[in-house]
Amino acid sequence: MQEVYSLAATFYPGFLLSQGLQPEVYYEAAVVIITLILLGRLLENRARGQTTEAIRKLIGLQAKTARVIRNEEEIDLPIAEVKVGDIILVRPGEKIPVDGEIISGSSTIDESMVTGEPIPVQKRAKDEVIGATINKTGSFKFKANRVGKDTMLAQIVKLVRDAQASKAPIQKIADRVTGWFVPVVIAIAILTFIIWFNLTGNIILATITTVGVLIIACPCALGLATPTSIMVGTGKGAENGILIKGADSLELAHKIQTIVLDKTGTITQGKPSVTNYITVPGTDSDREIELLNLVAAVESNSEHPLAEAIVNYAKDRGVSKPFAEVRDFEAVAGMGVKGIVGDRTIHIGTQRWMDSNGIDTKIFDSERQKWEKEAKTTSAIAVDGKIAGLIGIADPIKLSSPEAIRALRRMKIEVVMLTGDNQQTADAIAREVGISMVFAEVRPEQKAAKIKELQARRKIVAMVGDGINDAPALAQADVGIAIGTGTDVAIAASDITLISGDLRSIVTAIKLSKATMKNIRQNLFFAFVYNTAGIPIAAGILYPLFGWLLNPMIAGAAMAFSSVSVVTNALRLRNFKSQIN
């Protein structure tokens, strides 16, 4: 409007003089306003560029080359040329190029850039290694299992990008406000022009106030308030080994009232081992080994961690492969397994599994109860319908679990343990880590129903798990949190993934959510209050009292400053520290 008026003053000064108006021009104001706006955009874009720093850091972690062994020769290849199945040599101090499994050698590996855990991890044959992590002490060879876009680093980058592009529910509110705000501002600007022109007949005054309203009310700051904080928050989560799939999950996390923890692999290490093995009285050592042979043959058909522990124990006791052939294998989740070896029918599993098959186990009642009080899982062994042995299995508690649970309880969050284990074992584990509410002997298909029960109490419920059988419960929960060391199915069903498997990351995720939402509210408050407070001043409300008008150049500078200040405030989230207290 000022440019139009200035052109009229330049080419038709006589007309303005005949109307009693001075033919003043405002070209410098237009130039300064545009300059200030462009400067603001420049500063804003530089600040917004810093919000994607986490992604740039992640991409920069990737190794550029890999030392691949082909035809018994070591060849340095660009990372893009590495194929699945390649054997790769890694020396001390080198980055691991892709994901894979160690086949020879051992070392300690710094995985902090991916998991957020500062302590190097000891790795040996059959352990998995993650691309972009740093080999510390030894050298080893590993087989490439995932390359290119399938590596963990590539998946992390994709998840962070998707999360940063998503919209939080609070952003939708801001969008609706902006949708109404713009037409209202235009209406106010038109009304401002009409009022001042009718009251004073001064078109210059009417023009200046109208332009000031349009400039200072620009809703750029409102539009930036939420996405910039989300971008920084999700990036900061990735730096701490916390992958947040969407902005809605980040927003909801700070509202969690109840957290349900699976036991095996979540509270515990998920690496059970056999601690006790007894057989019915009168069984000699040869028959003990024979029974272990039958048990190992049946359990080798199962993928359950307890089955793996039993098979490993059998190997340690001298049972060697190949195991005997098993017919009619059957696995009942949360109960046990059954199979026929030769002409013998073998049942292995819980007390309920034995009871359901009519097998009397009273001979082992005292041992079973004693072991379960010691937080051990028991598996009974029956041959041809008769009890033959009992196995005790312990799964050590993660060192970080009690500390994480105490921190959650200090945050006034109810902590619940959910497990398919028997009540006595579950209670023993719960006492050790400080959990008072326990759901034990819960079958996999019942876990989602337990989550629904808690949600029926009008609670925001989070579920934390790592196994395939946890996937339905993770999907049912308001916030599903998967342990990154677990199965791909569980991770896919979750909203948040903890790469390291450390439960203290749950506390970090909740605190990060609170910090991000606080930052968003600050941005929205300042952006909205700034605009609503600036409009009346720009419209000339102070002119009748003090003769003061808001210069459009100042309005342009203020508008640019508001956007920069919102982005700068969002960048404060980069100072977020993960502290458990």
Exactly one of Ile267, Ile310 is more than 30 Å from Ala509 (Cα to Cα) and open to solvent by less than 10 Å² (accessible area, probe 1.4 Å), and that residue is Ile310
Within the stretch 451-470, residues part of a helix (DSSP H, G or I) and either more than 23 Å from the chain's Cα centre (by Cα) or of a type in the set (Ser, Thr, Tyr) (or both) come out as Glu453
Restricting attention to the stretch 418-440, the residues that are of a type in the set (Val, Ile, Thr) and part of a helix (DSSP H, G or I) number exactly 3
Expected single match for crowded, with 19+ Cβ neighbours inside 10 Å and either without any contact (Cβ under 8 Å) to a residue 24 or more places away in the chain or not aliphatic (A, V, I, L, M) (or both) among Gly241, Gly223 is Gly241
Within the stretch 302-333, residues being free of Cβ contacts under 8 Å to residues at least 24 places away in the same chain, among the aliphatic types (A, V, I, L, M) and under 14 Å from His347 (Cβ atoms) number 1
Scanning the stretch 189-202 for residues that are of a type in the set (A, V, I, L, M, F, W, C) and crowded, with 18+ Cβ neighbours inside 10 Å, the one farthest from Ile535 (Cα to Cα) turns out to be Trp196
Being at pLDDT 90 or above, outside any strand (DSSP E or B), of a type outside the set (Phe, Trp, Tyr) and open to solvent by less than 10 Å² (accessible area, probe 1.4 Å) narrows Ile510, Ile520 down to just Ile510
request  = Confirm whether Trp353 is aromatic (Phe, Trp, Tyr) and either free of Cβ contacts under 8 Å to residues at least 60 places away in the same chain or surrounded by fewer than 19 Cβ atoms within 10 Å (Cβ to Cβ) (or both).
outcome  = yes
For Ile580, the lone unmet condition from (1) under 23 Å from the mean Cα position of the chain (by Cα); (2) surrounded by fewer than 20 Cβ atoms within 10 Å (Cβ to Cβ); (3) at pLDDT 75 or above is (3)
Residue count, the stretch 239-290, condition over 19 Å from Gly420 (Cβ atoms) and part of a helix (DSSP H, G or I), comes to 14
Picked from the stretch 250-300 (must be without any contact (Cβ under 8 Å) to a residue 60 or more places away in the chain and small (Gly, Ala, Ser)), the residue nearest to Ala238 (Cα to Cα) is Ser300
I'd like to check something: does the stretch 557-572 contain any residue that is assigned to a helix (DSSP H, G or I), open to solvent by 90 Å² or more (accessible area, probe 1.4 Å) and at pLDDT below 75? yes
- [ ] Tell me, yes or no, whether the stretch 375-397 has at least one residue that is under 25 Å from Gln257 (Cβ atoms) and either in contact (Cβ under 8 Å) with a residue 40 or more places away in the chain or open to solvent by 40 Å² or more (accessible area, probe 1.4 Å) (or both).
- [x] yes
Within the stretch 320-330, restricting to residues that are surrounded by fewer than 19 Cβ atoms within 10 Å (Cβ to Cβ) and within 27 Å of Ala394 (Cβ to Cβ), the one that is nearest to the chain's Cα centre (by Cα) is Glu330
Those residues of the stretch 270-293 which are of a type in the set (A, V, I, L, M), in contact with a Lys or Arg (Cβ under 7 Å, 6 or more places away or on another chain) and either open to solvent by less than 20 Å² (accessible area, probe 1.4 Å) or under 30 Å from Leu503 (Cβ atoms) (or both) amount to Leu292
The correct count of residues that are hydroxyl-bearing (Ser, Thr, Tyr) and either part of a strand (DSSP E or B) or at positive phi (or both) in the stretch 318-348 is 1
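The values are calculated or read from the model by the stated rules, or taken from the named source; none is laboratory data. These figures come from a predicted structure and were not determined experimentally. Cβ sites come from the backbone with ideal geometry, for glycine too, and all protein chains shown count toward neighbours. Just the protein is used for accessible areas: all its heavy atoms, side chains included, with ligands, DNA and RNA removed. Shrake-Rupley method; radii C 1.70, N 1.55, O 1.52, S 1.80 Å.
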